[in-house]
Structure formats: structure tokens, C-alpha cells
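Undergrad: Sharing a structure with you now.
The values are calculated or read from the model by the stated rules, or taken from the named source; none is laboratory data. In this text, all values refer to a predicted model and were calculated from it rather than measured experimentally. Note that each Cβ is placed from the backbone with ideal geometry, even for glycine, and that neighbours are counted across all protein chains shown. Ligands, DNA and RNA are stripped out before the accessible areas are found, and what is left, the full protein with its side chains, is counted by its heavy atoms. Shrake-Rupley method; radii C 1.70, N 1.55, O 1.52, S 1.80 Å.
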Amino acid sequence: MAKDTTLIQMKDISKSYDGEIVLDEFDLNIRENEFITLLGPSGCGKTTTLRILGGFTKPDTGRVIFEGTDITDMPANKRPLNTVFQKYSLFPHMNVAENIAFGLRISGKSESYINDKIKYALKLVNLAGYENRAVTSLSGGQQQRIAIARAIVNEPRVLLLDEPLGALDLKLRQEMQYELIRLKNELGITFVYTHDQEEALTMSDTVVVMNKGYIQQMGTPEQIYNEPENAFVADFIGDSNIFDGIMIEDRVVEICVHKFPCVDEGFGRNKPVDVVIRPEDIIIDKPGRGVIDGVVTSNVFIGVHYEMCVDAGGSEWLCQNTRSFPVGTEVSLNVDPENIQIMNKPQSEDEEAISLEEVLGEELKEE
């Protein structure tokens, strides 16, 4: 786990491109030895956040504080951080070993130290023996691994990774996830990472879900997945059923004109709410045994379980179950009360910014 010591503070950071706000009075504290992942749709500000931390982009307003020292105006090469970019940024005229050794040679390390570090890094990324290969002869996934190795050998206090595993195949990506966690624990490096939802839940101490320059929710992977604070977070992290509901009274919510017991209180009586139910939490039974009856309209086997859609109460329910119910089967659905998440509907323009429909309808592009 990450230490409680705050290593980096981003205070009141704002950044715009061509009049389009990417970060808006953004605040973030990063702890020492923390693995923190920034998530969000294209344009949410996560890559800009990494670029500001790395010194490649200067904020319009706000400060970046590293261990009490203001580094906002410090050039990238002077910061105790290394960055692994999406585009690798390897030197095409250098071989693999020369690419990995570049930063070490600038630092004046001995050749024996550099050679040991090259071998260590290549073993870490499963490319032992590739020292003399031309980087232009490597696949995209191999080039990405060399980029990670080049950053790791410098043993930075903080490692910034912008979707570093995107070019790797599934098996190698999973292996690299565990290797990065091991490296963090062994060397005490703080990781700030952007990538997909699955990796965030697997690797992170802290997950930051962003949208339109704001933090929508920040917490442990368990908190983000099991206790989303709004419909955007619930839908962005994992699969979710999100329904318009009516909070009849404490511990009773109406979904699709059917009353379900829940554990939430304090929403008032007959109040419109958003209701989130994870597909794996839906109990499928014989007709009449659950709260709401329906018919299976699709069924796909995805390896670990079956993913089915059920038409019930005029809505489509996404269900996941280890048992298969063929298309056309009449079923009944139920949900344990503690697995129903109740949320207030947005009441202001800022809250409306989390609307999933609005997010999916836009194509914002970060620098």
C-alpha cells in the first residue's frame, strides 16, 4: 500500500486549448509509493495532467508542488520524474541497449553499472538478449517494452505512464501489470498511470475517475466499483444497469414499475433517482420467483460466464451468470437489497457534466 506521505500536490490547475477548458481548477494529491490511475473518456484531461506533471505542458494557472518545492516552472529534464509515452519516443538510430542506456550515460554512470542495468531491465520486460537489436526491427509491443525499460533503469521517484501497455497482447499485458506492481513495491517508485478500466482495478492503490476536467470520484478500486458516486462512474467502471427509479421511501425503490427492497435511506419519499445494478448481481430464477418477470433476448458466452440481455418491465437488463438461459426463456429477476445502488439525479449544470449521454455524444481531443 502507498504511504500516507504526500509526495506531489497539484493545486488549482487550469488548462485550456484554443478556448476549450481541459482542466478546471484541478486539485490532486499523490502519495509516496502510490500506484494512482487516471481514468476517463477522451478529452477528460488525464493526458494533460500527466504532461503537466512531467513538465511538458505548463498550466495556465495553478502550481505543482513536489515534496514542498514548487516545480511548476522546472523543465522536464530537471524533474525527478520519468515518462513513458504512448508513442514510445525511442531513438531510431540507436539499438536497444543504447536506447536503454541513454539517460544513464547522461547521468555519468559507469559502463559496468549501465550494462548491469540494461540486463536487469531487459529481463524485466521479457526481452533478454535483445541488446543489439535495432529498435526499428521490433514490433510495436516490443518497442513499448523498451520504452518502459528505458524509464525504469533511471529509478525515478515518480514514473508517469500514458497507456504504456496498449500495444501489448493480452497475456503479456497481464504479465507486465504484475511486473509493474512488483517494481513499485521493490523500488518504492510512485506510479501515475492512465489506461483502461480493467487495469485500473487490477493494479491501482487509488483510482481517479475524470470527466471534462473534473474529478468525478477518487478512491480505492473497491470503492469505485462497489460504491460509485454517480451514474457516470458506475457506467464507466465495469458494466452496469442504470435505471430511472423512484425512491418510494427509505429502503424501497421502484424500478420499471416494480418495488425492490434496498438498503439506502435519506432520499425522501417518491423522489426520482438513478439506480445502478451490476449485471453479476442480478439473480435469475424461474418465472414468478423474483420481483420482475422477463424474457431472455440475447445470450453470449464470454469465457468465465454467460452475458445475457433480459427484456423485463419495458427495459433491457444486462445479466451475467455462470448458468446459461437460452434466448426465448422466460425468467424472473431479483437483486439482493445491498447490491442496489441509489444515487441522486443531477440538479445543476456542473452535475449534468457527468451525463453519460453527453459524454458519448462528444469527441473531444486532448493534446
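Undergrad: When you scan the stretch 77-85, do you find a residue that is surrounded by fewer than 11 Cβ atoms within 10 Å (Cβ to Cβ) and of a type in the set (S, T, N, Q), even just one?
TA: Yes, some residue in the stretch 77-85 is surrounded by fewer than 11 Cβ atoms within 10 Å (Cβ to Cβ) and of a type in the set (S, T, N, Q).
Undergrad: Sticking with this one: So is P279 exposed (fewer than 15 other Cβ atoms within 10 Å of the Cβ) and in contact with a strand residue (DSSP E or B) (Cβ under 9 Å, 6 or more places away or on another chain) or not?
TA: Answer is no for this residue.
Undergrad: Then there is this: Got a sec? Which of K46, K11, K58 is open to solvent by 10 Å² or more (accessible area, probe 1.4 Å) and either of a type in the set (S, T, Y) or closer than 16 Å to D162 by Cα (or both)?
TA: Every option except K46 fails the conditions.
Undergrad: For the stretch 299-312, what are the residues that are open to solvent by 40 Å² or more (accessible area, probe 1.4 Å) and either of a type in the set (G, A, S) or not in a loop (DSSP other than H, G, I, E, B) (or both)?
TA: N299, V300, F301, G303, Y306, E307, D311
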